[in-house]
Amino acid sequence: MILRLVLGSLTARALTVGMTILSIALSVALFLGVEKVRTGARASFADTISDTDLIVGARSGSVQLLLYSVFRIGNATNNVTWQSYQDIAARDEVDWIVPMSLGDSHKQFRVMGTTPEFFERYKYRGGRPLAFAEGAGLGDLYDAVIGADVAQALGYTVDAPIVVAHGLASFTEHDDQPFRVAGILAKTGTPVDRTVIVGLDAIEAIHVDWKSGAKSGSVTPTEVIRQMDLEPAAITAALVGVKSRLQVFRLQRWINEYPQEPLLAVLPGVALQELWQIVGVAETALIGVSGMVVVTALIGMMAMIFSSLNERRREMAIWRAMGARPGVILGLLVAEAACMAAIGAVLGVALLYGALWLARPFVDQAFGLWLPIEPPSLQELRVLLAVIGAAALASLLPALRAYRLSLADGMMVKI
Amino acid sequence: MTTNAPLVLDRVGFRWPGRAGFRLTVPDFAMRPQESVLLLGESGSGKSTLLSLICGIVVPQQGVVRVDGTDLASLRAGARDRFRAERIGVIFQQFNLLPYASVEDNVRLPLRFAPDRRGRAGDAGAEAERLCLALGLAPELMSAPAGRLSVGQQQRVAVARALIGQPPLIVADEPTSALDARTQDAFLGLLFDQVRAAGSALLMVSHDDRLGARFDRVLRLEDIAQTQRVAA
């Protein structure tokens, strides 16, 4: 009966109570949403590369190497010579090695030259291999394999022609040597989705007529190019797998101390961790802000209860006259606040799932972030309980005032 | 039925602590079981203070207030609140009810804090409805929110609420002042019938001496209580 009266009292003030509940719901949805995006981002971030033991590139910072080799963000400051690459490949510890040659682009997407072994060796999300949605891997010299986002954004299907542009955001194109889409990869949620993959020799081929970054006048016919030795002089980076994990550090040290050229080998997991620490500051700030929004909503609720106290003195007097102890009055107000927060929390969760369901395709497309729609985790339930608890706590202040008022007023309120 | 006097005030002296106002003294006042007493007093004559003393909201600095044989000062605050719920039915001048609660919930509200009285009421829902019907309320009003009733209907609901579980003492603070003359009379008729049926004593405070005819005793407040204005 008391609960029924509490709910009755709340519905009687539907407008103000509704507004308060809405603000709590929005703040809860925001908080949980940020949490979802954060964990989603972290997971998809850590899932970008797996089963690779070392990433090798020219000496720079480990985060930078990770960014340009795996995330295709930024550029390498220097290349790795083919000689160094072969020296590393010849080491006993090395099980497999896949070269990567970056620097060219197609429309807004980066072009990566590599060997067919890339498709077997590159793993993501705990060892998942790349899969073809359509077509097959690199066969001919002028074959290209495109990521799912590239195919979707540009509307390419198998056999479509592709002209690679020299450099990034450039107007010079390798239009004399067009490629053919040989295969389209299935969606991975990694930067591979936004990459055009061609053979390492193809990168060499389209630069045959280029001398020190500029196109020379002559055009070598493709028939001639096909007969040429297309061994590259340098690559951008390489992914390395070792035979035994115990050898990783020995190989890493060897590469880092390689005397002929300054090289850098990093463990992907460690570099990801380092990168996440940089991103993590923003993450903490985001959580802090959304936490403040929840606090603001609760303070709003507190103000609402405070302002309603005066008009409810009569109601309190009735409760007192009926034999309710002042403690009951206090309990009533706290129960009302907890009810509002609980309804707000449930509504907030509903809002979150609604928004998630609506925004998921967009977020996936725009940021390559696949947000899972799962039942609330234990952590999230804990957050909801904390919100309800905090609301009850916040309502203690106005409730104590009501307590004192009802002690002073007794049952005789003159209105 | 109890043979205790429903109300005894013996050499009571009280002043509100810490603020300017009255000092109220009641040398000797008592009611017999099932007696009805009308106390006439203008507003400002200390009647709110007197009612607060009788209901145990405040305790006197001197003397004894005894309700149904129990000295209110001997109870701790929480116990006094429960005691009030058990033994006293209260009817205010106006705004008696929780407007958002149904008529039935309003009538049953005091039972929530008074287990003994709940026991006496038996089936609380049926008893609430019986009282409301006896007071001339339509049965379909039972589930209506009290705020939607007319003032006259609300006052009758307040009577039903005061009477449920037959408390030995009913305290009514100008319950008719919000009603027009014709409704007043009908209301008092219903009130007296039900108070008698419940076997309760009735103490009504009013400034309107025309109500006197129905009561066993009519007293002026100043005959039983003296007030002195005091500074804080």
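The values are calculated or read from the model by the stated rules, or taken from the named source; none is laboratory data. Note that this is a predicted model, so its numbers are computed, not measured. Cβ placement follows ideal geometry from the backbone for every residue including glycine, while neighbour counts extend to all protein chains displayed.
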Filter result for A:Q273 (without any contact (Cβ under 8 Å) to a residue 40 or more places away in the chain and within 31 Å of the chain's Cα centre (by Cα))
yes
Scanning region B:51-76 for residues that are assigned to a helix (DSSP H, G or I) and surrounded by fewer than 18 Cβ atoms within 10 Å (Cβ to Cβ), the one farthest from the other protein chains (Cβ to nearest Cβ) turns out to be B:S74
Taking region B:103-160, which residues are assigned to a loop (DSSP other than H, G, I, E, B), farther than 21 Å from A:A12 by Cα and either within 14 Å of chain A (Cβ to nearest Cβ) or in contact (Cβ under 8 Å) with a residue 40 or more places away in the chain (or both)?
B:F113, B:A114, B:L135, B:G136
Within region B:92-101, work out how many residues are surrounded by fewer than 23 Cβ atoms within 10 Å (Cβ to Cβ) and touching a residue at least 60 places away in the same chain (Cβ under 8 Å).
2
Please pick out the residue among A:S377, A:S395 that is assigned by TED's automatic domain parsing to the domain that holds A:L32 and modelled with pLDDT of 90 or more.
A:S395
Selected residue (criterion: surrounded by the fewest Cβ atoms within 10 Å (Cβ to Cβ)) from residues of region A:190-205 that are closer than 14 Å to A:Y124 by Cβ and of a type outside the set (V, I, T)
A:R194
All but one of (1) out of contact with any Lys or Arg (no Cβ under 8 Å at 6 or more places or on another chain); (2) modelled with pLDDT under 90; (3) among the hydrophobic types (A, V, I, L, M, F, W, C) hold for A:A335; state the number of the condition that does not hold.
(2)
Take A:G269 and decide whether it is out of contact with any helix residue (DSSP H, G or I) (no Cβ under 7 Å at 6 or more places or on another chain), more than 14 Å from chain B (Cβ to nearest Cβ) and assigned to a helix (DSSP H, G or I).
yes
Hey, any hits in region A:228-237 for a residue that's at pLDDT 85 or above, crowded, with 17+ Cβ neighbours inside 10 Å and farther than 30 Å from A:T172 by Cα?
no
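Residues are listed down the side, and each one gets a yes or a no for (1) surrounded by 14 or more Cβ atoms within 10 Å (Cβ to Cβ); (2) within 14 Å of chain B (Cβ to nearest Cβ); (3) in contact with a Lys or Arg (Cβ under 9 Å, 6 or more places away or on another chain):
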site	(1), (2), (3)
A:W276	yes, no, yes
A:L298	yes, no, no
A:F306	yes, no, yes
A:M316	yes, yes, no
A:V349	yes, no, no
A:L358	no, no, no
A:P375	no, no, no
Of the residues A:L102, A:L32, A:L65, which single one is more than 14 Å from chain B (Cβ to nearest Cβ), at pLDDT below 95, buried (at least 22 other Cβ atoms within 10 Å of the Cβ) and in contact with a Ser or Thr (Cβ under 7 Å, 6 or more places away or on another chain)?
A:L102
